[in-house]
1. Output the Cα-based Rg and Dmax of the chain in Å, rounding Rg to one decimal and Dmax to a whole number.
2. Under a cut-off of 16 Å between alpha-carbon atoms, report the lysines in cross-link reach of residue 27, not counting same-chain residues fewer than 8 places apart.
3. Using a simple spin-label model with points 7 Å from Cα along the Cα→Cβ vector, what separation in nm is obtained for residue 23 and residue 95?
4. Tell me, which longest segment in the chain has none of the GluC sites (Glu not before Pro) that fall in DSSP loops with at most 11 further Cβ atoms within 10 Å?
5. Using only Cα positions of the range 1-63, each an equal point scatterer, no hydration layer, compute I(q)/I(0) via Debye at q = 0.18, 0.24, 0.26, 0.27 Å⁻¹ and quote the log10 values to two decimals.
6. As an exercise, use a Förster radius of 30 Å and the Cβ-Cβ distance of residue 30 and residue 121 to find the FRET efficiency, rounded to the nearest 0.05.
7. What share of Cα pairs, in percent, lie more than 15 angstrom apart in the range 24-93?
8. Have a look at 100, 81, 42 and report the one farthest towards the positive end of the charge dipole of the range 31-162, computed about the Cα centre with Cβ charges (Lys/Arg +1, Asp/Glu -1).
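Since every read-out is calculated from the coordinates, none of them should be taken as a lab result. Not measured: the values here are computed from a predicted model. Heads up, the Cβs are rebuilt from the backbone with ideal geometry, glycines too, and the neighbour counts pull from every protein chain shown.
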Amino acid sequence: MPRKIEVVLEQRGVRAVAELLEEEAPKTCEAVWNALPQTGGVHHAKWANNEIYILTPPFAPEEPGRENGTVFPIPGDLLYFFIPPGGPVSAEWREQCAATGLIDLAIFYGRNNYLHGPEGHMPGNLFATITEGLKEFAAACQDVFRNGMEGERLTFRRLPGS
């Protein structure tokens, strides 16, 4: 039985369930699974389009590397990005990123996404896909875009019983 995780926008009280893609991205799935739960202040993407994400210090004993990469995620995709030391991040994360790099855990909730940033294509590791609750979760993500992310927390955690 595939392992599942729950993603929650805490302030908005909405959740979705995602299934890990363990055959396609085994190293990334293992790294994320072993590091759960992960929570942080939510951000909405500037370039990618319909994406929310959290940033966190690296958590895997060994970086999984690229696997099951995509630059065109579809609604319901969960991606893992390693931002190397010195990578393009906001001022609040610059010092942390300079020291160790960062991990970006992202959820894509709508169509027409293209992972292209200041340095060109930015493929992410597609490690899970939402199987339950995407419609409600997408509406809450759109609300983050329209009304702001202040105080909102995004949590990734193991689904109980998974």
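1. Computed over the Cα atoms of the chain, radius of gyration and Dmax are 14.5, 42 Å.
2. 4
3. 4.7
4. Here the longest segment lacking exposed loop sites spans 63-118.
5. Per q value, in the given order, log10 I(q)/I(0) is -0.83, -1.25, -1.29, -1.30.
6. With a Förster radius of 30 Å, E is 0.75.
7. 61
8. The residue sitting farthest along the positive end of the dipole is 42.
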